[in-house]
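Notes follow once the structure below has been shown.
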Amino acid sequence: MDLKVTTLDGKAAGSVSLNKDIFGLEPRKDLIQRCINWQLAKRQAGTHAVKNRADISLTGKKSGPQKGSGGARHGSRRANLFRGGGRAFGPVVRSHAHDLPKKVRALALRHALSAKAKDGGIVVVDTLNAKEAKTKALAAQFTKLGFANALIIGGDTIEENFGRAARNIPNIDVLPVQGINVYDILRRRTLVLTKAAVEALEARFK
């Protein structure tokens, strides 16, 4: 599959051929969903907690006689059924992360790239360079190119002026090629790849 390469100024800069084993698969929603669930589960802090019986500062002395009162046989005031008592079966601090095989994650990334290519949402640019770190100037270039909601993937590093200018533009994410992931690909309408990013992806899945 061939795509035209453009510059940030909107000028033609040749074309690039995309590997069908990376960008030409029939997307599998189940793989993509598994990878997104794995990513989002890892992001959860898991710091929610409540006070259980061991954390409550109340007496443990039996509140009344075992028999004869006509009421229930209560013991500690820390029990969950008393006002101010501990919470029963409340959330505890834990990790929500779960395992997902490395090969499944890699396959899901290829299917996410293929899904974006199938929808016509991939744009290839020559390089990501900015003469000055001016957000207004870069935003004007993005508007001209139609990048209203985009994930921009550069090479091994992001040029400093470009990174500074792009970080304040709403709905624009800029990542080096090592940071490309399924969730960010699908949450943005357009995937912008540099020629260096395409070459790095092909070398990664070779």
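The values are calculated or read from the model by the stated rules, or taken from the named source; none is laboratory data. Owing to the predicted nature of the structure, the values given are computational and were not obtained by experimental measurement. Cβ coordinates were reconstructed from backbone atoms using ideal geometry, including for glycine residues, and neighbour counts include every protein chain displayed.
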Practice task
Tell me, please, whether a residue that is surrounded by 14 or more Cβ atoms within 10 Å (Cβ to Cβ), of a type in the set (A, V, I, L, M, F, W, C) and more than 26 Å from the chain's Cα centre (by Cα) can be found in the range 12-34.
Solution key: yes
Problem - Hey, Ala137 of a type in the set (A, V, I, L, M), within 29 Å of Asn37 (Cα to Cα) and either exposed (fewer than 15 other Cβ atoms within 10 Å of the Cβ) or in contact with a strand residue (DSSP E or B) (Cβ under 8 Å, 6 or more places away or on another chain) (or both) or not - result: no
Handout entry: Matching residues in the range 120-153 - criterion: being of a type outside the set (S, T, N, Q) and part of a helix (DSSP H, G or I)
Key = Lys136, Ala137, Leu138, Ala139, Ala140, Phe142, Lys144, Leu145
Practice task
Kindly establish whether Leu25 is touching a helix residue (DSSP H, G or I) at 6+ places or on another chain (Cβ under 9 Å), under 30 Å from Leu100 (Cα atoms) and of a type outside the set (Gly, Ala, Ser).
Solution key: yes
Practice task
Would you be able to say whether some residue in the range 156-173 is surrounded by 16 or more Cβ atoms within 10 Å (Cβ to Cβ), closer than 20 Å to Gln39 by Cα and without any contact (Cβ under 8 Å) to a residue 24 or more places away in the chain?
Solution key: yes
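Okay, residues lined up against (1) modelled with pLDDT under 95; (2) touching a Pro at 6+ places or on another chain (Cβ under 6 Å); (3) closer than 30 Å to Thr143 by Cβ; (4) assigned by TED's automatic domain parsing to the domain that holds Lys195:
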{"residue": "Thr7", "(1), (2), (3), (4)": "yes, no, yes, yes"}
{"residue": "Ala12", "(1), (2), (3), (4)": "yes, no, yes, yes"}
{"residue": "Gly24", "(1), (2), (3), (4)": "yes, no, no, yes"}
{"residue": "Leu31", "(1), (2), (3), (4)": "no, no, no, yes"}
{"residue": "Asp55", "(1), (2), (3), (4)": "yes, no, no, no"}
Practice task
Could you please let me know if Leu193 is surrounded by 14 or more Cβ atoms within 10 Å (Cβ to Cβ) and in a strand (DSSP E or B)?
Solution key: yes
